[in-house]
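Data first, discussion second: the structure below is written as structure tokens.
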């Protein structure tokens, strides 16, 4: 979309707005040359050279929205010069271009060779991308997504691969989305049936949390704790 206007006294404006969306699977391949280097948060080589379809996503140059405003002003003096200084300083213009654009995509990656897909070397450090585990948006009751929490936490803390980020307890209006803690579950049970069935943890109880991928491999390792004084 483009709009232009010319105002008397030599002043004119031209504004344009562009909405676009670019998707591909090759915009970052070998962009830095034969030696692989991190580009825009990821390596410029495929994570799996036998599965290039996994590289499909927003292009590196994808800027969804762009607004450009330009102006031109013919300075209103000495437009018809008669001597040397009028010729030197007359017929000048002021021009400017302002551009506002949405951000380009950035890919998170897992440093090292955690998935054991290739030898661990600096040139392959930005190849492996982390998987999204669980629901990053806990529902309308959670006012900040995990992506926003992660962005906030990393301002003051250096997180490494395998770090588990928790939002704290978030109560969901829909019981099907689960409960945030034992106290909430007991409260829901009391509302539903008049009594709480789920007990609190007691001394001697053993708690273990572990998450597995589709192949049955532990993703983060087991978190094991024993309730004691």
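The values are calculated or read from the model by the stated rules, or taken from the named source; none is laboratory data. Everything numeric in this text was worked out from a predicted model, so none of it was measured. FYI the Cβ positions are ideal-geometry reconstructions off the backbone, even for glycines, and counts take in every protein chain you see.
Brief remarks follow.
- Qualifying residue in region 108-124 (condition: in a loop (DSSP other than H, G, I, E, B), modelled with pLDDT under 85, more than 27 Å from residue 48 (Cα to Cα) and in contact with a helix residue (DSSP H, G or I) (Cβ under 9 Å, 6 or more places away or on another chain)): no
- Of all residues in region 180-195, those being part of a helix (DSSP H, G or I), over 35 Å from the mean Cα position of the chain (by Cα) and more than 17 Å from residue 141 (Cα to Cα) number 7.
So that you can scan it fast, the table gives a plain yes or no per residue for (1) within 24 Å of residue 218 (Cβ to Cβ); (2) exposed (fewer than 11 other Cβ atoms within 10 Å of the Cβ); (3) at pLDDT 75 or above:
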site: 152; (1), (2), (3): no, no, yes
site: 155; (1), (2), (3): no, yes, yes
site: 168; (1), (2), (3): no, yes, no
site: 178; (1), (2), (3): yes, no, no
site: 183; (1), (2), (3): no, no, yes
site: 197; (1), (2), (3): no, yes, yes
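- Region 78-107, residues that are under 39 Å from the mean Cα position of the chain (by Cα), modelled with pLDDT under 75 and surrounded by 13 or more Cβ atoms within 10 Å (Cβ to Cβ): 107
- Residue, farthest from the chain's Cα centre (by Cα), within region 1-16, restricted to residues that are surrounded by 10 or more Cβ atoms within 10 Å (Cβ to Cβ), under 15 Å from residue 93 (Cα atoms) and touching a residue at least 12 places away in the same chain (Cβ under 8 Å): 10
- Only one of 69, 75 that is over 23 Å from the mean Cα position of the chain (by Cα) and within 25 Å of residue 22 (Cβ to Cβ): 69
- Being more than 28 Å from the chain's Cα centre (by Cα), free of Cβ contacts under 8 Å to residues at least 24 places away in the same chain, assigned to a loop (DSSP other than H, G, I, E, B) and more than 19 Å from residue 141 (Cβ to Cβ) is true of residue 216.
- Residues that are loosely packed, with under 14 Cβ neighbours inside 10 Å and either outside any helix (DSSP H, G or I) or touching a helix residue (DSSP H, G or I) at 6+ places or on another chain (Cβ under 9 Å) (or both) within region 49-73 comprise 49, 50, 51, 56, 61, 65, listed in sequence order.
- Taken as a whole, the structure places residue 135 among residues that are more than 24 Å from residue 55 (Cβ to Cβ), under 22 Å from the mean Cα position of the chain (by Cα) and modelled with pLDDT under 70.
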